[in-house]
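Only one structure is covered here, and it is reproduced in the block below.
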Number of protein chains: 2
Amino acid sequence: MDKPDNLHPRATSANHEQIPRSETISLREKHVGKSCKLFFKADPLKIVRAQGQYMYNEMGEELLDCINNVCHVGHCHPHVVKSGQDQMAILNTNNRFLHDNLVLYAERLIKTFPERLSVAFFVNSGSEANDLALRMARAHTKSREVITLEHAYHGHVISLMEISPYKFKNQSQDDACPDQTHIAPVPDVYRGKYRDQDYPGQDLGEVYAEDVKEICEKLAEQGKKPGCFIAESLQSCGGQIIYPNSYLRHVYNHVRAAGGLCIADEVQVGFGRVGTNWWAFQTYGNDVIPDIVTIGKPMGNGHPVAAVVTTEEVAASFAGTGIEYFNTYGGNPVSCSIASAVMDVIEDEKLMEHAEEVGRYLKRGLERLMLKHEIVGDVRGVGMFLGLDLVKDRTTREPFTAAAQHVLTRFREERILLQSDGPYNNVLKFKSPLVFNKSNADRLVNTLDEVLEEIRLMSNFID
Amino acid sequence: MDKPDNLHPRATSANHEQIPRSETISLREKHVGKSCKLFFKADPLKIVRAQGQYMYNEMGEELLDCINNVCHVGHCHPHVVKSGQDQMAILNTNNRFLHDNLVLYAERLIKTFPERLSVAFFVNSGSEANDLALRMARAHTKSREVITLEHAYHGHVISLMEISPYKFKNQSQDDACPDQTHIAPVPDVYRGKYRDQDYPGQDLGEVYAEDVKEICEKLAEQGKKPGCFIAESLQSCGGQIIYPNSYLRHVYNHVRAAGGLCIADEVQVGFGRVGTNWWAFQTYGNDVIPDIVTIGKPMGNGHPVAAVVTTEEVAASFAGTGIEYFNTYGGNPVSCSIASAVMDVIEDEKLMEHAEEVGRYLKRGLERLMLKHEIVGDVRGVGMFLGLDLVKDRTTREPFTAAAQHVLTRFREERILLQSDGPYNNVLKFKSPLVFNKSNADRLVNTLDEVLEEIRLMSNFID
């Protein structure tokens with residue numbers, strides 16, 4: 001077992017490319033499921049290395065990365081890499097054995113949450129975390145009724161596809177919304193059911209929360225109750241939606257009054273992306289505290305690790321079922337070492353403060369574009385989670401999907417990676433690694449300024 | 001971002017212990033869900049490092065590992081470790097970008113399967129793989145009816161708990177077997193519904209398969225059909241069950257005739273553990289070919305990586321739903337690099353031949369104990385997947401659970417880690433890393449000989 005490693009040679013060229021791009025594409029077509037889509041399908045990107053906020057293709061071109069929120073503290077951060085490398089060589093086993101990495105990380109993680117959220121379960125992905133959260137809510141409330149938001153996406157496993165309108169709205173009847181899933185309107189004050197322009201001076205958080213209350217009341221009429229309300233603390237797939245400040249407070253009150261639990265999905269938006277707080281739900285006030293929080297993507301900076309954090313009471317109900325929860329890789333020493341290193345970097349490099357400062361700087365830059373370009377209908381966001389809503393008409397707010405797609409294509413030519421999202425795919429979605437800096441922000445704003453000007457001059461663009 | 005790593009110091013003593021054992025235990029009790037159980041609850045093991053087939057506790061004691069099938073090619077195998085370490089430092093991103101590691105590993109993996117199984121989907125765990133397999137079967141057959149085996153365990157997410165009688169047999173009514181789950185008897189010729197002693201000379205594979213046929217017929221009477229039949233190719237949690245040779249062939253024929261797909265769960269038993277073949281289903285004949293195969297645990301030697309392998313037709317049906325399948329970490333360059341290194345080691349170190357040879361040697365040793373100790377009711381298995389069924393009476397085959405538990409406790413004192421399983425928890429379950437050698441086998445057999453002799457002399461033990 002101690003043979004030298006030259007037993008296993010691996011051919012990799014200096015640019016980390018092993019086969020020509022055309023062969024990569026043909027092998028992918030042959031052996032990888034077509035349901036797994038590529039970015040820029042017509043001319044996909046082959047990325048061979050990455051560092052900080054930059055990715056590099058096989059030609060050595062440097063791309064500014066505004067999409068990989070997963071590589072939270074920067075691609076291949078040396079401290080995170082070293083922590084993983086060191087632990088891999090020592091031990092990687094399951095959590096049926098005691099290990100210090102697991103318990104020390106659990107303790108450290110729990111410290112970032114309000115006091116009542118004190119118990120953690122470690123898993124491998126946001127999907128596993130959200131599925132486990134649903135299992136816990138069922139065990140605690142004995143109800144399988146789930147209230148979810150319009151356009152929500154909570155993961156790829158069966159139980160989560162059933163509560164992810166983002167996915168099943170386009171699905172065949174066979175897989176449509178099950179009876180136990182109840183969809184509340186997304187509290188989007190710009191494009192949602194209740195809009196700021198129609199309710200001047202009103203607290204739309206309260207208005208939107210009434211719809212959740214109604215769902216609870218309808219369930220009660222049928223002798224049922226909600227098992228849980230689940231929502232991202234900021235809605236990502238819905239088009240970078242920031243809720244009215246009072247929304248979650250009112251909703252949590254309604255759901256709890258009806259006997260349900262409140263789950264905050266922080267898989268996309270957690271770990272300090274909002275700048276001011278570790279967790280996005282905390283931006284709505286210290287009294288807004290979920291019963292279960294799920295975390296993932298940024299947690300391991302790309303390494304598969306995720307978790308569920310909950311109260312002693314909910315954890316006790318789950319243990320009370322008598323069923324062991326065993327997750328083969330969940331909480332293994334390597335995953336915990338990496339996750340802890342990510343927290344080291346967030347703290348030592350003051351990335352939350354950085355996210356707040358650079359996020360504010362970038363947002364101001366985008367808001368300046370709004371003064372200049374009619375097409376920019378809305379600029380919204382918090383910290384390094386920003387959205388820019390492109391419209392054909394500022395009054396009707398008609399989404400301008402083609403323009404958003406044109407921006408992404410032109411940005412790629414300018415070597416900036418950006419995504420769009422939302423029900424109309426017209427929202428430019430910014431969620432870069434947190435190490436994105438002010439000079440990167442200037443480049444993004446200036447490039448966007450130019451591209452929006454191009455669009456304005458293309459008289460035939462509006463259709 | 002290029003600051004030296006001494007910015008982030010980490011206190012680890014030479015023995016890799018960071019806090020005293022008592023503190024590890026108290027932090028775990030405080031912050032980790034009680035549903036996550038420890039081995040040897042009364043006096044759990046703290047493992048600080050591992051190498052090959054050995055684990056080491058905080059006192060430096062060396063334990064022979066007969067349970068960690070996940071660390072397939074040996075704990076911390078240097079080539080696997082180096083592959084992970086190297087790739088982590090270069091790039092770790094998602095599969096919406098082209099990457100050579102993904103397609104080269106897919107091609108290499110697919111070569112180990114019969115020709116029609118040519119498309120792969122990469123995920124993070126066996127649970128994600130089995131859940132995805134169910135989604136595919138639903139998409140392809142438009143049926144959600146699932147035939148599963150008694151005592152089966154397929155994973156911890158909701159959809160799989162519903163087809164895992166190993167778990168829900170002990171569950172409250174609320175979470176009991178759903179209508180769409182149909183349980184067939186496990187084809188266990190030693191302790192199952194049809195036993196070799198009662199059907200001398202008969203092909204029990206055919207007999208057991210008839211029960212699956214009956215389920216298909218009952219579904220047909222209700223105007224339904226099976227979406228899929230899912231089974232491990234060797235049943236692990238059921239007590240190391242090896243099926244009669246013709247069983248899967250007959251079952252697959254029945255299920256396909258009824259319009260269903262056949263899923264082989266190779267998460268526990270794949271990657272050459274059986275010695276003669278890469279996949280355990282292949283031990284039943286070249287004509288026994290599933291429609292979907294799920295793989296996991298040993299795939300990454302402890303790193304979270306798993307996959308679904310299927311036919312072009314099934315993959316096309318799944319793509320035909322129009323729903324993108326995106327798995328954040330699935331098929332990332334680090335996971336693929338590690339998985340490919342595991343295959344390097346299996347091939348270069350001829351671990352399949354080794355598993356066959358040492359597995360046969362160990363099995364012969366255990367069979368010799370059977371001649372000497374009445375308590376050994378059955379020795380079964382293939383390659384490095386073995387089970388020893390302890391009984392109070394060889395004729396009635398009454399399970400001797402207390403004896404199995406005593407063996408585990410004594411083995412731990414003798415620094416050998418072994419597990420028990422099966423519906424009566426009386427089956428000693430051997431599934432060590434494949435690098436387990438003949439001298440380890442001698443030690444296991446000799447120690448077991450001594451402990452079984454102790455049990456024989458404890459006249460008060462039988463109760």
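Read-outs throughout are calculated quantities, based only on the coordinates presented, and are distinct from any laboratory measurement. Nothing here was measured: the structure is a model prediction, and the numbers come from that model. A quick note on method: Cβ atoms are made from the backbone with ideal geometry, for glycine too, and the neighbour counts reach across all protein chains shown.
Report the net charge of residues surrounding A:Asp188, where surrounding means a beta-carbon distance below 11 angstrom and charges are Lys +1, Arg +1, Asp -1, Glu -1.
+1
In terms of modelled amide H atoms, which long-range or inter-chain residues lie less than 5 Å from the amide H of A:Leu261?
Amide H neighbours of A:Leu261: A:Cys228, A:Phe229.
Give a quick list of GluC sites (Glu not before Pro) in the stretch B:107-186 that DSSP marks as loop, anything other than H, G, I, E or B, with at most 13 other Cβ atoms within 10 Å.
B:Glu115
What trypsin sites (Lys or Arg not before Pro) does the stretch A:98-134 have in DSSP loop regions with at most 15 other beta carbons within 10 Å?
A:Lys111, A:Arg116
What list do you get for A:Glu266, A:Glu61 if you sort them by fewest beta carbons within 10 Å?
Lowest to highest Cβ neighbour count: A:Glu61, A:Glu266.
Among rounded, prolate and oblate, which fits the stretch A:317-403 when a ≥ b ≥ c are the square roots of the eigenvalues of its C-alpha gyration tensor, a/c under 1.5 means rounded, and a/b larger than b/c means prolate?
oblate
Per the Cauchy relation, a quarter of the hull surface: what is the mean projected area of the convex hull of the alpha carbons in the protein assembly as shown, in nm²?
The orientation-averaged projected area of the Cα hull of the protein assembly as shown comes to 37.1 nm².
Calculate log10 I(q)/I(0) of the stretch B:326-463 for q = 0.13, 0.19 Å⁻¹, where I(q) comes from the Debye formula with a single equal point scatterer on each Cα and nothing for solvent.
Taking Cα atoms of the stretch B:326-463 as identical point scatterers yields -0.62, -1.05.
What GluC sites (Glu not before Pro) does the stretch A:304-343 have in DSSP loop regions with at most 14 other beta carbons within 10 Å?
For GluC sites (Glu not before Pro) across the stretch A:304-343 that sit outside H, G, I, E and B with at most 14 neighbouring Cβ atoms in 10 Å, the list reads A:Glu324.
Positive end of the dipole of the stretch B:355-455, charges at C-beta (+1 Lys, Arg; -1 Asp, Glu), about the Cα centre: which of B:Gly422, B:Phe400, B:Leu386 has its Cα farthest in that direction?
Result: B:Leu386.
What is the sum of charges around B:Gln268, taking Lys and Arg as +1, Asp and Glu as -1, for the other residues whose C-beta is under 12 Å from the C-beta of B:Gln268?
Charge balance near B:Gln268 sits at 0.
For the protein assembly as shown, give the share of DSSP beta bridges that are antiparallel, in percent and rounded to the nearest 5; count only bridges with both residues there.
65 percent
For the stretch B:13-73 and the stretch B:196-255, what is the separation of their C-alpha centers, rounded to whole Å?
Between the Cα centre of the stretch B:13-73 and that of the stretch B:196-255, the gap is 39 Å.
Output the antiparallel fraction of DSSP beta bridges having both residues in the stretch A:79-348, as a percent to the nearest 5.
40 percent
Can you list residues from other chains, or at least 5 along the same chain, whose modelled amide H is less than 5 Å from the amide H of B:Gly377?
B:Asp389, B:Leu390, B:Val391
Classify chain A as rounded, prolate or oblate from the Cα gyration tensor: take a ≥ b ≥ c as the square roots of its eigenvalues, call it rounded if a/c is under 1.5, otherwise prolate when a/b beats b/c and oblate if not.
oblate
Find which of B:Pro185, B:Ser125, B:Ser159 sits farthest along the positive direction of the dipole of the stretch B:111-250, computed with +1 on the beta-carbon of Lys and Arg, -1 on that of Asp and Glu, about the Cα centre.
Projecting each Cα onto the dipole axis, the largest value belongs to B:Ser125.
Can you tell which of B:Gly275, B:Met343, B:Ser246 lies farthest toward the positive end of the dipole of the stretch B:79-348, using +1 and -1 charges on the Cβ of basic and acidic side chains (Lys, Arg; Asp, Glu)?
In the stretch B:79-348, that residue is B:Met343.
Taking Cα pairs under 8 Å and at least six residues apart, what relative contact order does the stretch B:79-348 come out at, in percent?
29 percent
Which value, in debye to the nearest 20, describes the size of the charge dipole of the protein assembly as shown about its Cα centre when Lys and Arg Cβ atoms bear +1, Asp and Glu Cβ atoms bear -1, and nothing else is charged?
60 debye
Quick query: amide H of B:Ala184 versus all other amide H atoms, modeled in the peptide plane; which residues come in under 5 Å with a sequence gap of 5 or more or a different chain?
For B:Ala184, the qualifying residues are B:Thr148, B:Leu149, B:Glu150.
Before rounding to the nearest 500, sum -39500 (n - 2.57) across all DSSP H runs of length at least 4 in chain B and divide by the residue total; then give [θ] at 222 nm in deg cm²/dmol.
-11000 deg cm²/dmol
Hey, how much of the P(r) for the stretch B:93-187 falls beyond 15 Å, as a percent of Cα pairs?
Percentage above 15 Å: 69.
Antiparallel as a % of all DSSP beta bridges within chain A, to the nearest 5?
So the antiparallel bridges in chain A amount to around 65 percent.
Rg and Dmax of the stretch B:79-348, Cα atoms, in Å?
18.6, 61
So what is the relative contact order of the stretch A:165-299, in percent, for Cα pairs below 8 Å that sit 6 or more residues apart?
Relative contact order for the stretch A:165-299 comes out at 20 percent.
Post the alpha-carbon centroid distance, the stretch A:338-396 to the stretch A:265-301, in whole angstrom.
Spelled out, the Cα-based centre of one part sits 16 Å from the other.
Run the numbers on chain A and let me know its relative contact order in percent, using alpha-carbon pairs under 8 Å that are six or more apart.
Reported relative contact order: 20 percent.
Nothing charged except the Cβ atoms of Lys and Arg (+1) and of Asp and Glu (-1): what's the magnitude of the dipole of the stretch B:82-136 about its Cα centre? Round to the nearest 20 debye.
Rounded to the nearest 20 debye, it is 60 debye.
Output needed: percent of Cα pairs per 10 Å distance bin for the stretch A:193-342, bins running from 0 to the one holding the longest distance.
Final binned percentages: 10, 33, 34, 18, 5, 0.
Would you calculate the convex hull of the Cα atoms in the stretch A:353-407 and tell me its volume per residue in Å³?
Value for the stretch A:353-407: 72 Å³ per residue.
What ranking of B:Met161, A:Met136 emerges when the number of other C-beta atoms within 10 Å of each C-beta is taken as an exposure proxy, fewest first?
Ranked by crowding around the Cβ, least crowded first: B:Met161, A:Met136.
Could you list A:Val255, B:Val207 so that the one with the fewest beta carbons within 10 Å of its beta carbon is first and the one with the most is last?
B:Val207, A:Val255
Taking θ = phi - 60°, what integer Hz values does the Karplus form 6.51 cos²θ - 1.76 cosθ + 1.60 yield along the stretch B:63-69, in sequence order, with x for Gly and Pro?
10, 7, 9, 10, 10, 8, 4
Suppose every K and R has +1 on its Cβ and every D and E has -1 on its Cβ; what is the size of the dipole of the stretch B:79-348 about the Cα centre, in Debye to the nearest 20?
Dipole magnitude for the stretch B:79-348 comes out near 280 debye.
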